[in-house]
Amino acid sequence: MNQAGCHVTEVVGTSDESVEAAIRDGMCRATGSADSLEWFEVTGVRSNVLGRVHRFRVDLRLGVRDAA
């Protein structure tokens, strides 16, 4: 039986829209797609207020499946 492992990586995602969009941004930065993503954990959330525009930033730990 051929089993793939998993490695953990930490990334930062950002968005001007929402925290959820920042999470998606971080996941795509690390994996290119959600297909190889096993799990994620949000370890921090921050927002910068630039006038009336907010920039959301999330710190993520991601479990990414290794290629078999």
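The values are calculated or read from the model by the stated rules, or taken from the named source; none is laboratory data. Since this is a predicted model, take the numbers as computed values, not measurements. For accessibility, only protein heavy atoms count, side chains too; no ligands or nucleic acids. Shrake-Rupley method; radii C 1.70, N 1.55, O 1.52, S 1.80 Å.
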Checklist entry - Restricting region 47-65 to residues that are charged (D, E, K, R) and under 14 Å from the mean Cα position of the chain (by Cα), which is nearest to Glu20 (Cα to Cα)? => result Arg57
Checklist outcome for this item: When region 42-54 is checked residue by residue, the ones that are modelled with pLDDT of 90 or more and open to solvent by 80 Å² or more (accessible area, probe 1.4 Å) are Val45, Arg46
Checklist entry - Within region 9-38, can you find the residues that are open to solvent by 80 Å² or more (accessible area, probe 1.4 Å) and at pLDDT below 90? => result Arg29, Asp35, Glu38
